[in-house]
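Shown next, in structure tokens, is the structure this report addresses.
The values are calculated or read from the model by the stated rules, or taken from the named source; none is laboratory data. Everything numeric in this text was worked out from a predicted model, so none of it was measured. So basically every Cβ, Gly included, is an ideal-geometry build from the backbone, and we count neighbours across all protein chains shown.
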Amino acid sequence: MPHASRYLAEGPRVGIRHFAYADGAEFTARARESKDLHHPWLFPPDTADGYAAYAARLIEDRTKAGFMVCEKAGEHGDGAAEGAIAGFVNINNIVEGGFQCGALGYGAFAHAAGRGLMREGLDLVVGYAFGAMRLHRLEINVQPRNAASIALARSCGFRLEGFSPAMIFIDGAWRDHERWALTAEMRGASR
């Protein structure tokens, strides 16, 4: 993505944009490079067919929205071009009407991990969700031992609301999850 004007929102180091089918080659290469980082927490698609199906759900299903977190000029340390994909943030299970909520899932790619890019990207997605998407509440479900994901949720203002045993089937078993949440009012009060 060579022009920042194509970003839905941008910060000093990253911009966010929607998923595109054309992202498949870069996304799957980054997913393959990041297997050790992601296991056992998440399994983004690492094949062309897997990406095509994944992207289709995020692009075509109104109950989902997918965002690429892309590095801006001068921020990449791996020789990647402007717009290199640093990670992704998805809003799943979007419910409108009286709820106006969604469930977030996210992942950094290995070359971007630990650089604060996902913190900035997640914050941009939250702002976009509460602004342009008019959502009121966002939730993140995190396995209790996933310290990096919990730290990211906490750093963006999410609060721990509860614990759900055997909540989501991941890596061959039903896994416990902590429930973290943020409302538009909470975000406004913390700013």
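Here is how the numbers come out for the structure above:
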{"read-out": "Which listed residue, of V142, V125, is out of contact with any Gly (no Cβ under 8 Å at 6 or more places or on another chain), of a type in the set (V, I, T) and closer than 24 Å to G15 by Cα", "value": "V125"}
{"read-out": "Subset of the range 85-114 that is in contact (Cβ under 8 Å) with a residue 40 or more places away in the chain and assigned to a loop (DSSP other than H, G, I, E, B) - its residue that is surrounded by the most Cβ atoms within 10 Å (Cβ to Cβ)", "value": "F109"}
{"read-out": "Positions within the range 138-157 being assigned to a strand (DSSP E or B) and over 23 Å from W174 (Cβ atoms), in sequence order", "value": "L138"}
{"read-out": "First in the range 35-50 and farther than 24 Å from M167 by Cβ, second anywhere and of a type in the set (K, R), Cβ under 6 Å, 6 or more apart", "value": "D46/R32"}
{"read-out": "One residue from G127, G172, G121 being touching a residue at least 24 places away in the same chain (Cβ under 8 Å), surrounded by fewer than 21 Cβ atoms within 10 Å (Cβ to Cβ) and of a type outside the set (V, I, T)", "value": "G127"}
{"read-out": "Helices (runs of 4 or more DSSP H) wholly inside the range 1-71 that include at least 1 residues being of a type in the set (A, V, I, L, M) and modelled with pLDDT of 95 or more", "value": "24-33, 48-60"}
{"read-out": "Residue list for the range 113-137, filter: of a type in the set (A, V, I, L, M) and touching a Lys or Arg at 6+ places or on another chain (Cβ under 9 Å)", "value": "L117, V126"}
{"read-out": "Residue among L160, L135 that alone is touching a residue at least 40 places away in the same chain (Cβ under 8 Å) and either assigned to a helix (DSSP H, G or I) or surrounded by 11 or more Cβ atoms within 10 Å (Cβ to Cβ) (or both)", "value": "L135"}
